[in-house]
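This report concerns only the one structure given below.
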Amino acid sequence: MSKILIVDDSPAQLYSLRKIVEQGGHQTVTADSGERALEIASDVHPELILMDIVMPGMSGYQTTRKLQRDESTRHIPIIFVTKKTGVADRAWGLRQGAKEYVTKPVNPNQLLTAISAAMAA
């Protein structure tokens, strides 16, 4: 069972994603901001992070760049889970260091497949 950090500023999205991930057999921990995600990632060292992009304060892009620069968290795969559906958005997200890019509304099977692929890489 893997520990997955879910980062989203929406309580409804956190609940929905947590339910999908836990039904997939994983443990979850959540953060409602990029700043909180940095703290939790350093303390908990999850095996994977699901990251929203559009959040108040620090965006998912900014948070991902900080995680990638930190020696203790750079190894953690990140999957963007976002409402940003454009081709350029996806390309930019992957360029920031994300292993996968999943759009909302989330298809549970697609998300679990992305989690498996990112953890296997």
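Any read-out appearing in this document is the output of simple, stated calculations on the displayed coordinates, not a laboratory observation. Small disclaimer: the values here were computed from a predicted structure and weren't measured. Neighbour counts are summed over all protein chains in view; Cβ atoms, including those assigned to glycine, are modelled from backbone coordinates with ideal geometry.
Take the Cα of residue 117, step 7 Å toward its Cβ, do the same at residue 70, and the gap between the two points is 2.7 nm.
Normalising the Debye intensity of region 1-117 to I(0), with uniform scatterers on Cα atoms only, and taking log10 at q = 0.22 Å⁻¹ returns -1.32. Under a 10 Å cutoff between Cα atoms, tell me which one of 47, 71, 39 has the largest fluctuation in the Gaussian network model of the chain. In the Gaussian network model the winner is 71.
Using 0.36 nm per residue and subtracting the Cα-Cα separation, the extra length available between residue 107 and residue 23 on full extension is 28.9 nm.
Distance between the modelled labels on residue 91 and residue 2, one decimal in nanometres: 2.8 nm (7 Å Cα→Cβ projection).
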